[in-house]
Amino acid sequence: MAYGCFLGVAEKPSVARRISQILSGGKVAKFEGISKYNPVYSFKFNGDEYRITSVLGHILESDFPDEFNSWRAVDPLFLITDVPVIKKIIKENLKVVKNIQKEAKNAKELIIMTDYDREGENIGIEVLNMVLSVNKKIKNVKRMKFSAVTRPEVMSGFKALIDPDRNLSDAAEARQEIDLRLGAAFTRKATLSIDSRIRGKDIISIGPVQTPTLGLVVERWESIQEFVPRDFWTLKALLKINGEVVEADWAEGRTFEKEKAAEAYNRIKDEKEAFVKSVTEKKNMMRPPKPMNTITLTKLVTQILNISSEKCMYIAEALYNAGIISYPRTETEKYPDSLDLNKILSDHKPHSVWGNYIEQNLIKKPLKPTSGKRDDKAHPPIHPTTSIEKSTLQNMPELKKIGAIAWAVYELVIRHFLATLSDSAELKRSNIKFTIKEELFKITGLRIIKEGFLEIYPYQKVSETFLPKKELKIGDIVLVEKIELKAGKTVPPKLLRESELIRLMDKLGLGTDATIPQHIQTNIKRSYFRVLKGKSRFIEPTGRGAALIRSLKKSVPMIVDPEIRAYIESQISKISKGDLTYEQVVNEAREKISEIFLTFSKNISAYSEEMNKSIAEEKGKQLKTKKVGKCPICGENLIAKKVGEKRFIGCSGYPSCNWIFPLPREKKIKIGKNLCPKCGSKLLYWYRDDRVFEICAGCKTWCWKCDERETCPALKKEKSKT
């Protein structure tokens, strides 16, 4: 390799490959890199040599120096106020760094080709520092900005290289430092404040976005637990109109006063006629959806396709890396003038699924796309960049392992895009009011007059309700078949759906469009909440998660309050825009976090008391299923336990009672149903090779040593099964 080449570094290997193919016109040589996951592509462009490789996301991580990693030796407050934050190469990325540095030694210019957002720019600056550490002769450093890995976008970005945006990188750096300091300090304090005999090796994790997010889930769950149903009453009138029996609703709706409903019922229960009081019809226009940003994508995918927001973003990024959709991490919900909408439609006109809709509804008229307020000035709304048939997409090597769900996400993106360019749907709402004596009843209807965007957008449902075919006018009389007095009870709110949680987090400023799925997944991994099975993706807190929020609200409610994180997030955004510096935002955040931490320390007994109690109860419930008998010393339950590789029967009264009986570490042990005639404990069965050994933990003996083995009814019962 000759000295003086141009070095390009992309964020992912697949993007490096596609950019190389596009710039080289397919005439590219591929070489194995020091990292087997990051090959190097070499080609000529306008007579110059280019070598393009990649990273695997961040190559550095924020951490504290090693001497501050002892949880017990370092005051957690110092992690906020005094301890410096350093950058370390992520262990798994050592070869990635060596790969970049090897290529950098012979480079004369560096082109950063990472994603154009905070994290992408931060990764780009990490790459720049690694390059300069081995080649200080590089003076010209540029970045390539693109929103899709397609030929037009790549060529456009390559011809208009810009300077790296250090404000964007500093914003990402500030978030990393703030999150590290707060998370580490509060997690250490929260964990060490719990009795280690109860906690075991568990870590109580607290994070600046993770914890308020959990708080939203717990708040909804608690409102359900605390809900007290109320009795209510209402009236229904069954009316016969043109041979059809139609149910009319009481205009009062429902009442919590039984006497009021009963009085109205008794007054009209024998009436046989109802009079038409009014007939109204109103046309409404249902507007198409706004252009798709990341929040919209994750909400729709979790709600419609029943997959997690984290998996949604994984699939969306795979589609982007394959050049099929635009960059999926964007806040923008208005199409820029530079985006050629007609060209996209023309590309999709031959498509077998939606080509006919485009031909009939969009090609022949001026386009008037919908528009939202958000615009991050970096990337356009998510839109299709390639027209591709289902079979072709599913057979692409980079998408094959994802399966059919990749097509479902792509189809949602294209249908949403087409909907934003389509006409509004036209609806007709009808309302007929009747009087039965002085009581007012009503029936309502809803019809679709013109489908508009609904024709191509099946994800937005309209439930039509049809009124009787006979046209009614004021003064008409209809027959009353029956008057009913109905009782009911109010119902509690439902658990939060994942799509609803995403909407709330976005509204409250918890995380960014790019990080919200990560924060949700973190809570799931920490076992603080879980997504229930079913199409609705309801989220329910675990006992540990609910206890943590209760404990924190008693001791340091500010850490659960979304407003604190929302404020910090807004300050970080000002770094991106150049309105504030990295130092200003981080220093202010450290002051605020220190104040919150001191409050936590002051009220730590309230926290630890609640958590000790909750964890003990939780573990007690978990151990009930492994109960084998009663402790011969204290009478508490004998419980089957496993700590690391050690298996044993212990007393649930520990640490007050130290009764213990070790079990073999290898092979399967089963808790049987038969009871020892001596102590009443359940017999255990140890399966070793082709033999089965019986154990009685209560007697602390192997049954073959027991002097009652030959006459033991429990063993006879077990042997009779084999």
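Every number here is computed from the coordinates shown, using simple stated rules; none is lab data. What you see is a predicted model, and the numbers here were worked out from it, not measured in a lab. Here Cβ is always computed from backbone atoms with ideal geometry, including for glycine, and neighbour counts include all displayed protein chains.
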For region 220-294, listing trypsin sites (Lys or Arg not before Pro) in a DSSP loop whose Cβ sees at most 12 other Cβ atoms within 10 Å gives R230, K272
Rounded to one decimal in nm, the spacing of the 7 Å Cα→Cβ label points at D195 and N106 is 6.7
per DSSP, antiparallel bridges as share of beta bridges in the chain, % nearest 5, sits at 85
Candidate cut points under trypsin sites (Lys or Arg not before Pro) in region 154-201, DSSP loop plus at most 16 other Cβ atoms within 10 Å of their own Cβ, are K201
Packing-ranked peptide list from 321-330, 485-494, highest mean Cβ count within 10 angstrom first, is 321-330, 485-494
Candidate cut points under trypsin sites (Lys or Arg not before Pro) in region 534-586, DSSP loop plus at most 14 other Cβ atoms within 10 Å of their own Cβ, are K535
If the chain between C657 and E92 were fully extended at 0.36 nm per residue, the gain over the current Cα-Cα distance would be 198.9 nm
Per the 1/(1 + (r/R0)^6) rule, R0 = 60 Å and r from the Cβ atoms of K700 and N603, FRET efficiency to 0.05 is 0.85
Reduced to Cα centres, the span from region 1-66 to region 447-526 in Å works out to 49
Hull volume per residue for the chain, using the convex hull of the C-alpha atoms, in Å³ is 269
Taking Rh as the Kirkwood radius computed over alpha-carbon pairs of region 309-427 and applying Stokes-Einstein at 25 °C with viscosity 0.890 mPa s, one gets a diffusion coefficient in µm² s⁻¹ of 163
Quarter of the surface of the C-alpha convex hull for region 1-133, i.e. direction-averaged projected area in nm², equals 9.3
Placing each pseudo-label 7 Å from Cα in the direction of the beta carbon, A408 and K437 end up separated by a distance in nanometres of 5.5
Placing each pseudo-label 7 Å from Cα in the direction of the beta carbon, T392 and W71 end up separated by a distance in nanometres of 5.4
Going from the fewest other Cβ atoms within 10 Å to the most, one would list Y357, Y41 as Y357, Y41
Given unit charges at Cβ for Lys, Arg (+) and Asp, Glu (-), the dipole magnitude of the chain about its Cα centre in debye, nearest 20, is 2480
Residues L552, L508 in order from fewest to most other beta-carbon atoms within 10 Å are L508, L552
For L479, placing the label point 7 angstrom along Cα-to-beta-carbon and taking region 268-283, residues whose amide nitrogen sits under 17 Å are 270-276
Here the gain from full extension of E618 to I224, 0.36 nm per residue of separation minus their alpha-carbon distance, amounts to 139.8 nm
For K553, the lysines lying under 25 Å Cα to Cα, once residues fewer than eight places off in the same chain are dropped, come out as K189, K201, K494, K507, K525, K592, K602, K613, K619, K621
Region 5-164: antiparallel bridges as % of DSSP beta bridges, rounded to 5, reads 45
Hits in region 434-476: amide N under 16 Å from the 7 Å Cα→Cβ extension of K260, namely 439-441
